[in-house]
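> Following this message is one structure expressed as structure tokens.
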Amino acid sequence: MLEINIPNEIFEQMLEQAGAEAPIEACGILAGRGRTVERIYRMTNIEAREDHYMMEPAEQLAAVKDMRAAGLNMLAIYHSHPATAARPSAEDIRLAFTPDITYVIRACCVEFKFSIYNAIHITYSIASEREL
């Protein structure tokens, strides 16, 4: 099982974004070298829903261009589940088109102020957990 390493400062930015955007799903891209994340790209959820996300295409393109210019690889796509578990939904699995990356899902309980993260690898509509 491959491991993805997310530095604390980037992890904190993911937490902040998910909290700020709740109750809608926050989303973004993590990029780096090897298995270590070096950069976070916060994306706008143009669906603005609490049960689904769709990244703003122009922001995605800008992120990919920036990654190429910096010599980084896309390592993960992340999003939050404000009201459900940190497991991929059937929709998450169906829309997992990017191969060889990790999908990081944050489940949060605002009432009790805690978060759970899960890293998933999805290939051919089969989801398997990864170490985070």
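> Restricting attention to the stretch 50-71, report how many residues are touching a Phe, Trp or Tyr at 6+ places or on another chain (Cβ under 7 Å) and within 26 Å of Ala90 (Cα to Cα).
As a first pass, look at the stretch 50-71 and keep what is touching a Phe, Trp or Tyr at 6+ places or on another chain (Cβ under 7 Å): 63.
Filter once more, so that each one left must be within 26 Å of Ala90 (Cα to Cα): none.
The qualifying residues number 0.
> Take the residues in the stretch 48-66 that are of a type in the set (Asp, Glu) and modelled with pLDDT of 95 or more; name whichever of them is surrounded by the most Cβ atoms within 10 Å (Cβ to Cβ). Reasoning before the result, please.
Here is the first cut: in the stretch 48-66, the ones of a type in the set (Asp, Glu) are 50-51, 56, 59, 66.
The next check asks that each one be modelled with pLDDT of 95 or more; those that pass are 56, 59, 66.
On the way: Glu56: 14, Glu59: 17, Asp66: 14.
Taking the candidates together, the pick is Glu59.
The values are calculated or read from the model by the stated rules, or taken from the named source; none is laboratory data. If you're wondering where the values come from, they're calculated on a predicted model, not measured in any experiment. Virtual Cβ from ideal backbone geometry, glycine too; neighbours counted across all protein chains shown.
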